[in-house]
Amino acid sequence: MAEVIHARPNMMTKARNTQGEREERIVDIYATNESLGDQHQDECPHDWDKFGCKCYRLSKVWGSWNECRRFCVSHGADLVVVDSKEEMDFISRYGGYIMVGATDEASEGLGRWVDGTVLSVDNPSWRKGKPEVGKDKNCLREVREKTNCEWTDERCEARDWGLCELNLRK
């Protein structure tokens, strides 16, 4: 059984679910922009970096994917959802190894970003050209080696920094 975080405005709950229950409740796992939207402003909070209509900061938690996500949600944000090559280039400034907002823990092989959108297995950002399929590597991590940033699957329990993303309203 796996632990998942359910994000709601001003509230988080934990649940332990079987594989079937996780698949049925996949929509509940992911925080949406609408559910967090009431907490957003026009400018980035102090200590956040702005790029486009989003704000970014590293979590102050060196922890598992869920612990990093919990930190982000507690600040009205979520783990980063990479929407473009330009955004990928921007977040590469955070360097090293960072947890980002996608997982296939609810349904092996079908990765989803924390906003519920499907994570493409054909994205050229994958380190080995595609995700590694395996029950023990279910969370997405960005790896920066030299000048190149790539994605790799990682154990959700692995300890890293998380990159939080806050969407600004226009």
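What follows draws every value from the coordinates through simple rules; no lab data is involved. Predicted model, so just to flag it, every value in this text is computed and none were measured. Glycine also receives a Cβ, built like all others from the backbone with ideal geometry; neighbour counts cover every protein chain displayed.
General remarks:
- Boolean, D47 is without any contact (Cβ under 8 Å) to a residue 12 or more places away in the chain and either within 20 Å of E154 (Cβ to Cβ) or not β-branched (V, I, T) (or both): yes
- Test: C68 is over 20 Å from E150 (Cα atoms) and either among the charged types (D, E, K, R) or in contact (Cβ under 8 Å) with a residue 24 or more places away in the chain (or both): no
- Residue selected from region 38-90 under the condition touching a Leu at 6+ places or on another chain (Cβ under 8 Å) and among the aromatic types (F, W, Y), by the criterion surrounded by the fewest Cβ atoms within 10 Å (Cβ to Cβ): W48
- Residues (in contact with a Cys (Cβ under 6 Å, 6 or more places away or on another chain) and either among the charged types (D, E, K, R) or without any contact (Cβ under 8 Å) to a residue 40 or more places away in the chain (or both)) located in region 72-99: D78
- Taking region 91-127 as the range and being among the polar types (S, T, N, Q) and buried (at least 21 other Cβ atoms within 10 Å of the Cβ) as the test, only T103 passes.
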